[in-house]
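What follows is a set of notes on a single structure, which appears directly below.
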Amino acid sequence: MTMNIAFGMFVADLHVTYADSATTLLPFGTPLVLILLGMFFSSYPQDNPTWSTWSNSMRALMSALTPAEADLRRHWDSLGASTVLLGIFFSARARQLLSSSLFNFLGRVSFPVYLLHNQLMKSLLVWMIYLPAALNPRFDDKGQALDLQRGSMLHCFVAVAVFYYVLYRLAYTWVLYVDPLCARVVKRAVGWAYGEGGPPGEKALLLA
């Protein structure tokens, strides 16, 4: 987390210094190499990195650079995300792509998607995927209920599609109604803190 914050500040400083001219600083193809390299760093497996030569080499390298018992995957993820961000910063094409209306929309709803996805996965998605088995429970020879089985591949595909539609629909609704409400509440609270509004007499009290 600290690395991500520090690197974000570093890129922000680069933007202040170079702005759009940054896309002409590196040799052709270098930003793409950085993006691909960052994706490779982020591919470090969560479990059993010793099973493959490439991941075992990454494990050995990061183990030599970090304290004992460190979460190596998080370190590689942070390094990968930072490298991808750096490649995008220096790439005119990546900037243009990520500035499109589609990615602007995905960026706007990313926070409510983060807040809502887990709840919807544990409720709506699970209910849709296991509904056929729940409606027709199966029992073993002793009359005990067996574990619920997922629906067919087509059923799961449709369920996932519906899940994502509902998730992003709710996230967009959140952006339209909840975010502006929160912004008004924060603005009002800041105004009260600076004595710019609130109940009669509060301004004088705050300035005293």
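Miscellaneous remarks
- Those residues of segment 120-141 which are of a type in the set (Lys, Arg) and either in a helix (DSSP H, G or I) or not assigned by TED's automatic domain parsing to the domain that holds residue 168 (or both), in sequence order: 122
- Cβ pairs under 6 Å, 6+ apart, first in segment 111-132 and closer than 17 Å to residue 178 by Cα, second surrounded by 16 or more Cβ atoms within 10 Å (Cβ to Cβ) and of a type in the set (Gly, Ala, Ser): 112/171; 113/171
Table: residues versus (1) out of contact with any strand residue (DSSP E or B) (no Cβ under 9 Å at 6 or more places or on another chain); (2) assigned to a helix (DSSP H, G or I); (3) surrounded by 11 or more Cβ atoms within 10 Å (Cβ to Cβ); (4) of a type in the set (A, V, I, L, M, F, W, C).
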{"residue": "18", "(1), (2), (3), (4)": "yes, yes, yes, no"}
{"residue": "23", "(1), (2), (3), (4)": "yes, yes, yes, no"}
{"residue": "27", "(1), (2), (3), (4)": "yes, no, no, no"}
{"residue": "32", "(1), (2), (3), (4)": "yes, yes, yes, yes"}
{"residue": "36", "(1), (2), (3), (4)": "yes, yes, yes, yes"}
{"residue": "54", "(1), (2), (3), (4)": "yes, yes, yes, yes"}
{"residue": "78", "(1), (2), (3), (4)": "yes, yes, yes, no"}
{"residue": "88", "(1), (2), (3), (4)": "yes, yes, yes, yes"}
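- Failed item in (1) surrounded by 14 or more Cβ atoms within 10 Å (Cβ to Cβ); (2) of a type outside the set (D, E, K, R); (3) closer than 24 Å to residue 110 by Cβ, with residue 49 passing the rest: (3)
- Any chance residue 172 is in contact with a Leu (Cβ under 9 Å, 6 or more places away or on another chain) and part of a helix (DSSP H, G or I): no
- Of all residues in segment 126-153, those being among the β-branched types (Val, Ile, Thr) and farther than 18 Å from residue 164 by Cα number 0.
The values are calculated or read from the model by the stated rules, or taken from the named source; none is laboratory data. Every value quoted in this text rests on a predicted model; they were computed, and no experiment measured them. So basically every Cβ, Gly included, is an ideal-geometry build from the backbone, and we count neighbours across all protein chains shown.
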